[in-house]
Amino acid sequence: MGSSRLLGVWEGYRVGTIQRFEAGQKGPTAQVWIELEPQAGRGLICSQCGRRSDQVHDSHVRRVRDLPILEAQTHLLVRRRRVLCPDCGPKLERLNWLDRYARVTRRLAESVARLCALLPVRHVAGFYGLHWETVKQIDKEHLLETLGPVDLSGVEVIVLDEFAIQKGHRYATVIAEPYTKRVLWVGRGRGREDIRPFFELLGVEGRRKLQAAVMDMNGAYEQEVHFQCPLAQIVYDLFHVVAKYGREVLDRVRVDQANRLGHDKKARHVVKSARWLLLRNKGNLHRKADRIALRELLDANRPLMTVYVLKDDLKALWSYQYPKAARRFWKHWYSRAIRSRIEPLKTFARNLKPYLDGIIAHCRWPLHTSLLEGINNKIKVIKRMAYGFRDDEYFFLKIRAAFPGIP
């Protein structure tokens, strides 16, 4: 009994022979092999129905990994018995420290799962001397058990965004609850049919209760939300609108102005290299040299000055709390953009106009997808730690586990 307490309690079994093999004898690391024999006179429990039985159908020896002992891999030679259950027939004996058909003990599996929350699967596998597929399966089963089905009851507002899952323009969609910062669902793709399973999980009552959906100007997201939840209001995010402005207006005008400078290589270089100066907020220009360079650039180029000022004014639209005031500001901004005679700016303003209701909705729902930008950054870290994921279900479980939500 003393050796059992020293080495660990394996209920229903007693410790038989113990052998230690140093590194090189049975593998690259030291190993301890422990033979476990069933205790006599102990009732057996059917692993399927839980009924007790004294009859053994048959038995066989199984090798099972346990937690390391004294820096040595521990291998248990367990004589597993099959109970002759009156109800179920021959079934494995139920053990509280070893699952059916498992090749690792429960305490080793729990230790592996805890370490997988901190380290990549490959490193955990190397630490315990297990195959990486075994470690991944242990962690996956642990996540399935602990996370369970997602609870979508009470969800009234959602945030949708996409992230790159693989090279070659392959994307997935993440949907989160903005107030608790809880990831609700992750699925491959960014089309209407790709996000439809989420609304099926939401159910008829959940779709009726949904009040707002925050997103970028992804037409597929908008169409599916309107179709599934006609009462929900679409809210367009500031970050994506400003990013679109930077690509379609600032970049285009900057390149056009650089091309007009002809053979003046120095001036062309100044304009073409000013992209980040024009995109960054004034408050983020901490270096005095950057502030001086921006002022000199804008003083010397009127079109760049115009699109730069209108960029900051467009961002101010998201600071309004009253829809009527926001619409008045929009009309003034739109009029200035059309009168600017800068074609990329005029085109952007006309294309943005149909989305005005979703922009003005920010007055009632002052939300944005910056939450999901933070989530996407963490997703990139998870993906790098795993050197990429081939198992989508496991990858999405890791994302859900990383963002369980704030109570």
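What follows is calculated from the coordinates using simple rules that are stated; it is not laboratory data. For clarity, every value in this text was computed on a predicted model and none was experimentally measured. Glycine also receives a Cβ, built like all others from the backbone with ideal geometry; neighbour counts cover every protein chain displayed.
Work out which trypsin sites (Lys or Arg not before Pro) in the chain are exposed loop sites (DSSP not H, G, I, E or B, at most 10 other Cβ within 10 Å) and give the longest gap free of them.
Longest run free of exposed loop sites: 1-166.
Extending each Cα 7 Å along its Cβ direction at R341 and R328, get the distance between those two points in nm, one decimal.
3.0 nm
Going by amide H atoms built from the backbone, whose H comes under 5 Å of the H on T369, apart from near neighbours?
Distant-sequence amide H within range of T369: L238, F239.
In square nanometres and to one decimal, what's the mean projected area of the convex hull around the Cα atoms of segment 44-128?
Mean projected area for segment 44-128: 6.4 nm², to one decimal.
Whose amide H sits under 5 Å from the amide H of R79, counting only residues 5 or more places off or on another chain, with H placed in the peptide plane?
L36, R62
Pop the C-beta distance of Q321 and V150 into the FRET formula with R0 = 22 Å and round what comes out to the nearest 0.05.
0.10
Restricting to Cα pairs below 8 Å that are 6+ residues apart, what does the relative contact order work out to for the chain? Please round to a whole percent.
Answer for the chain is 12 percent.
How far, in degrees from 0 to 90, does helix 392-402 lean away from the longest principal axis of the Cα atoms of the chain, to the nearest 10?
Rounded to the nearest ten degrees, it is 80.
Taking R0 as 22 Å, what FRET efficiency do you get between Q55 and T17 from their Cβ-Cβ distance, rounded to the nearest 0.05?
The pair Q55/T17 has a calculated efficiency of 0.20.
Separation of segment 136-182 and segment 210-258 by C-alpha centroid, Å?
Going from one Cα centre to the other spans 22 Å.
Which residues in segment 99-115 have a backbone N closer than 12 Å to a point placed 7 Å from the Cα of H131 along the Cα-to-Cβ line?
103
Using 0.36 nm per residue, how much length does the chain from E205 to Y171 gain when fully extended, once their Cα-Cα distance is taken away?
Length gained, E205 through Y171: 9.3 nm.
Apply the Karplus parameterisation 6.51 cos²θ - 1.76 cosθ + 1.60, with θ equal to phi minus 60°, to every residue of segment 269-281 and state each ³J(HN,Hα) to the nearest whole Hz, in sequence, with x for glycine and proline.
For segment 269-281, the Karplus-derived couplings read 5, 4, 6, 5, 8, 9, 4, 6, 4, 6, 7, 6, 6 Hz, x marking Gly and Pro.
Run the numbers for W365 and R350: contour at 0.36 nm per residue of separation, minus the present Cα-Cα distance, in nm.
Length difference between fully extended and current span is 3.0 nm.
Please sort by residue number the chymotrypsin sites (Phe, Trp or Tyr not before Pro) in segment 57-155 whose DSSP state is loop and whose Cβ has at most 13 other Cβ atoms within 10 Å.
Y101
Using every Cα-Cα pair within segment 238-363, state what percent have a distance larger than 22 Å.
38 percent
Calculate the length of the line joining the C-alpha centroid of segment 309-342 to that of segment 61-105, in whole Å.
69 Å
By residue number, which cysteines of the chain lack any other Cys whose Cβ falls under 4.7 Å from their Cβ?
Taking the Cβ cut-off of 4.7 Å, the unpaired cysteines of the chain are C49, C116, C229, C363.
For A72 and D392, what does the FRET efficiency come to when R0 = 56 Å and r is the distance between their Cβ atoms, rounded to the nearest 0.05?
The formula returns an efficiency of 0.90 here.
Could you tell me the largest-minus-smallest coordinate of the C-alpha atoms of segment 1-84 on each of the three principal axes, in descending order and whole angstroms?
Principal-axis extents of the Cα atoms in segment 1-84, largest first: 44, 25, 19 Å.
How large is log10 I(q)/I(0) at q = 0.25, 0.29, 0.31 Å⁻¹ when the Debye formula is applied to the Cα atoms of segment 256-313, each weighted equally and without solvent?
-1.10, -1.35, -1.44
How large is log10 of I(q)/I(0) for the chain at q = 0.08 Å⁻¹ when the intensity is taken from the Debye formula with one equal scatterer per alpha-carbon?
-0.66
Based on the alpha carbons, how large is the Rg to Rh ratio for segment 182-278 when Rh follows Kirkwood?
On the Cα set of segment 182-278, Rg over Rh gives 1.25.
Taking 2.2 N^0.38 Å as the expected size of a compact globular protein, what ratio does the Cα radius of gyration of segment 126-199 give against it, to two decimals?
Rg over 2.2 N^0.38 Å, computed on Cα atoms: 1.39.
Quick one: dipole size for segment 1-159, taken about the Cα centre, charges +1 on Lys/Arg Cβ and -1 on Asp/Glu Cβ, in debye to the nearest 20.
560 debye
Separation between the T29 and K288 pseudo-spin-labels, each 7 Å from Cα along Cα→Cβ, expressed in nm?
Placing both labels 7 Å along Cα→Cβ, they lie 5.8 nm apart.
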